[in-house]
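The values are calculated or read from the model by the stated rules, or taken from the named source; none is laboratory data. Please read all numbers here as calculations on a predicted model, not as lab measurements. Here Cβ is always computed from backbone atoms with ideal geometry, including for glycine, and neighbour counts include all displayed protein chains.
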Amino acid sequence: MPVVLSQPPGREWNWNQLELGFLGFYFLAAGLIFNLSYRRSRSGVLRQQLKWLTGGTLAGSLPFTLLYIVPYIFDAATLPWMQFSALSLVLIPLCFGYAIIRYRLMDVDIIFKRGLAYTAATAAVAAVYFGLVALIAQIFHEQTTGSVGGMIAIVVAAFLFISAVPGRHPSAAGPILLSRSPRLPPHPD
């Protein structure tokens, strides 16, 4: 059975209002879930991590929700200063980044090493491809006049083929770069 949204007579739905309403709702729901997890956690490091996640999410989303989204949903006149409340959203990634770096929220060194390995593998595949194209052009003394999109598609296909080989890392440096470093003790509070 299809869902029918009822609306006041003479008024059509503004989908932008509905979209921003859901955005504000999910911002606040995320902040409340972080707060609930913070209150239930027993570990000191976990509490510190969740404190920063909760604070950043609520400090970033509450001003934007209350000063911009709520008036916009109820068709209040949006004043130019209300748009500056969107600047508070920058607090969300800043607090997440602080929690990641200060309290080792994620294993950043492993993620960085894996990204470095994939970047090196992509560069190696691209270098081999363009080297072969130049070599073939030199052998046959012809100018290479292929479309850039076609060349990029071939490079991506070659990369996907190489990474799909079972039991192999994307680059020769993969096993070295992806090896786990010893875990450091948690940062003091």
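Scan the range 97-119 and give yes if some residue there is modelled with pLDDT of 80 or more and touching a Pro at 6+ places or on another chain (Cβ under 8 Å), otherwise no. Yes, because at least one residue in the range 97-119 is modelled with pLDDT of 80 or more and touching a Pro at 6+ places or on another chain (Cβ under 8 Å).
In this structure, does ALA76 turn out to be closer than 30 Å to VAL156 by Cα and free of Cβ contacts under 8 Å to residues at least 12 places away in the same chain? Answer is no for this residue.
With the structure loaded, tell me whether GLY44 is farther than 26 Å from ARG102 by Cα, modelled with pLDDT under 85 and either loosely packed, with under 14 Cβ neighbours inside 10 Å or in contact with a Lys or Arg (Cβ under 8 Å, 6 or more places away or on another chain) (or both) or whether it fails that test. Answer is no for this residue.
How many residues are among the basic types (Lys, Arg) and at pLDDT below 90 if we restrict to the range 1-41? Within the range 1-41, residues that are among the basic types (Lys, Arg) and at pLDDT below 90 number 1. Being of a type outside the set (Gly, Ala, Ser) and not in a helix (DSSP H, G or I) is the filter here, so list the residues in the range 57-96 that pass it. Those that are of a type outside the set (Gly, Ala, Ser) and not in a helix (DSSP H, G or I): PHE74, ASP75, THR78, LEU79.
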